[in-house]
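Written below as structure tokens is the structure these notes are about.
The values are calculated or read from the model by the stated rules, or taken from the named source; none is laboratory data. This one's a predicted model, so the numbers in the text were calculated from it and none came from an experiment. No Cβ is skipped: glycine too gets one built from the backbone with ideal geometry, and neighbour counts run over all protein chains shown.
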């Protein structure tokens, strides 16, 4: 029966994948070369349809066998929910492949699906650490179930960056869960994961380098969600911690890659959904490996984690040692590939918190300066507030320039007591002070350790000017404008020069 399921899924994938390639060409569902891609020609990107069909059809068909039907009966409600939520996740991925969807929408659907699974009974509610101790999670099991399912789903999705990478890692993970299920006589999960294994192996025939088709979001989200749900279902049936740690070790590369990506984007003050080219497979390509060698290297790391996990399944006494060795091997692998640079992480962490501290300090200074500007009722008082802003914000100099009623150029200047830097390290900007009158302000800011900090000072100063413009309306409009000169137009801002 098990061999039949695997063979049927394999055959279906081999038959349906060429059809999906033809369909993708017809509906223009092609992944075209771009700045984030490594392929040089358009490739079909909805291969997940073939994986979905090759998994679902054999599972439905095998219900005609009495032994399988009896095995599925006790879990019928959970399996219906699993099939429904996995189909919804697949559909969302397909819509994203065809039309595009915001990452937050996909994350929301994945989260709802994970919570529905928890409500159906496929949940991480207790973990048997050893024969004498079982950890009951209570309500924290809701969060852990959500984190596991959503995390694995997106880890598979993020790993789909090279030909055959996500499909190969997922196939190895499905094989591991199948072995675990057979070892514990979990017929349902064995059938489910063997069906996925067959579908992925058949799909790999067209997805390995040079790829003719990509699984797309519909495939990666469906596969990731199904693997995560299957591992949780195994835990629900056996309660042993190995049910969770075994697929965790097999999925070690995508999990670590996802964690490091989130950390990297957090330190760079970017959205966690922002794309980049610093994933593990990108770093391996940058080292000079071609696609095939990079994928095989990651396969090798995955097999190491899988081997340690299988040892842990047989010899429970060495579980902690296996987990430690696997984590150490993966971190070393990422370190050698350049995907983890600890010195750079520490530098970015220091910069991030220095930036946050500077921003909080500038906000306090700005709020104090607002009081000075709000009490200014004329040009002189307003100018005194400007000078105070120069001192508090750490500016180098401020020049207020306007023309009187006879068209004569007038100027007020403020300079810092002692020059802190030469002109080559100053950012100079011209700001229009009045929309209707030829008044502008020239400010010089020390470039300092970061141009971003200088820009923040300009932003705070500009906001003070915006809020205090009524205080300087007493300056008269000139009768006759002076001839055009090389100086910037009084009413226009000039780009910053460094």
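Testing residue 429 on (1) farther than 30 Å from residue 348 by Cβ; (2) in contact with a strand residue (DSSP E or B) (Cβ under 7 Å, 6 or more places away or on another chain); (3) outside any loop (DSSP other than H, G, I, E, B), one condition comes back false. Which one is that?
Every condition holds for residue 429 apart from (1).
Evaluate the stretch 340-363: report whether one residue or more is at pLDDT below 80, within 27 Å of residue 251 (Cβ to Cβ) and part of a loop (DSSP other than H, G, I, E, B).
Checked the stretch 340-363: at least one residue is at pLDDT below 80, within 27 Å of residue 251 (Cβ to Cβ) and part of a loop (DSSP other than H, G, I, E, B).
Output yes when any residue across the stretch 220-232 is farther than 30 Å from residue 315 by Cα, in the same structural domain as residue 19 (by TED's automatic domain parsing), modelled with pLDDT under 90 and assigned to a helix (DSSP H, G or I), and no when none is.
To start, the set of residues in the stretch 220-232 that are farther than 30 Å from residue 315 by Cα comprises 220-222.
Next, from what is left, pick out any that are in the same structural domain as residue 19 (by TED's automatic domain parsing): 220-222.
From what is left, the residues that are modelled with pLDDT under 90 are none.
No.
Can you tell me which condition residue 377 does not meet? The list is (1) surrounded by 12 or more Cβ atoms within 10 Å (Cβ to Cβ); (2) in contact (Cβ under 8 Å) with a residue 40 or more places away in the chain, and all the others hold.
The number of the failed condition is (1).
For the stretch 418-435, does any single residue satisfy the condition of being surrounded by fewer than 16 Cβ atoms within 10 Å (Cβ to Cβ) and closer than 18 Å to residue 464 by Cβ?
For the stretch 418-435, residues surrounded by fewer than 16 Cβ atoms within 10 Å (Cβ to Cβ) and closer than 18 Å to residue 464 by Cβ: present.
For the stretch 197-211, indicate whether the set of residues that are in contact with a helix residue (DSSP H, G or I) (Cβ under 7 Å, 6 or more places away or on another chain) and part of a loop (DSSP other than H, G, I, E, B) is non-empty.
Restricting attention to the stretch 197-211, the residues satisfying the condition of being in contact with a helix residue (DSSP H, G or I) (Cβ under 7 Å, 6 or more places away or on another chain) are 197-207, 209.
Filter again for part of a loop (DSSP other than H, G, I, E, B), leaving 209.
The answer is yes, given that some residue of the stretch 197-211 is in contact with a helix residue (DSSP H, G or I) (Cβ under 7 Å, 6 or more places away or on another chain) and part of a loop (DSSP other than H, G, I, E, B).
Residue check: is residue 361 assigned by TED's automatic domain parsing to the domain that holds residue 458 and surrounded by 12 or more Cβ atoms within 10 Å (Cβ to Cβ)?
No; evaluated as a whole, the condition is false for this residue.
Only one of these conditions is not met by residue 46: (1) in contact with a helix residue (DSSP H, G or I) (Cβ under 8 Å, 6 or more places away or on another chain); (2) assigned to a loop (DSSP other than H, G, I, E, B); (3) surrounded by fewer than 19 Cβ atoms within 10 Å (Cβ to Cβ). Which number is it?
Looking at each condition in turn, residue 46 falls short on (3).
This table checks each residue for (1) closer than 30 Å to residue 286 by Cβ; (2) surrounded by 14 or more Cβ atoms within 10 Å (Cβ to Cβ); (3) assigned by TED's automatic domain parsing to the domain that holds residue 274.
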position: 20; (1), (2), (3): no, yes, yes
position: 34; (1), (2), (3): yes, no, yes
position: 55; (1), (2), (3): no, yes, yes
position: 60; (1), (2), (3): no, no, yes
position: 73; (1), (2), (3): no, no, yes
position: 79; (1), (2), (3): no, yes, yes
position: 87; (1), (2), (3): no, yes, yes
position: 92; (1), (2), (3): no, yes, yes
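So residue 330 passes all but one of these: (1) part of a helix (DSSP H, G or I); (2) modelled with pLDDT under 80; (3) within 21 Å of the chain's Cα centre (by Cα); (4) buried (at least 16 other Cβ atoms within 10 Å of the Cβ). Which condition number does it fail?
Status for residue 330: all satisfied but (2).
Determine if the stretch 243-254 includes at least one residue that is buried (at least 24 other Cβ atoms within 10 Å of the Cβ), touching a residue at least 60 places away in the same chain (Cβ under 8 Å), outside any helix (DSSP H, G or I) and at negative phi.
yes
What are the residues in the stretch 267-296 that are in a helix (DSSP H, G or I) and free of Cβ contacts under 8 Å to residues at least 40 places away in the same chain, if any?
Those that are in a helix (DSSP H, G or I) and free of Cβ contacts under 8 Å to residues at least 40 places away in the same chain: 293, 296.
I'd like the residue in the stretch 445-459 that is under 16 Å from residue 367 (Cβ atoms) and surrounded by 19 or more Cβ atoms within 10 Å (Cβ to Cβ) and, out of all such residues, is farthest from the chain's Cα centre (by Cα).
Out of the qualifying residues, it is 457.
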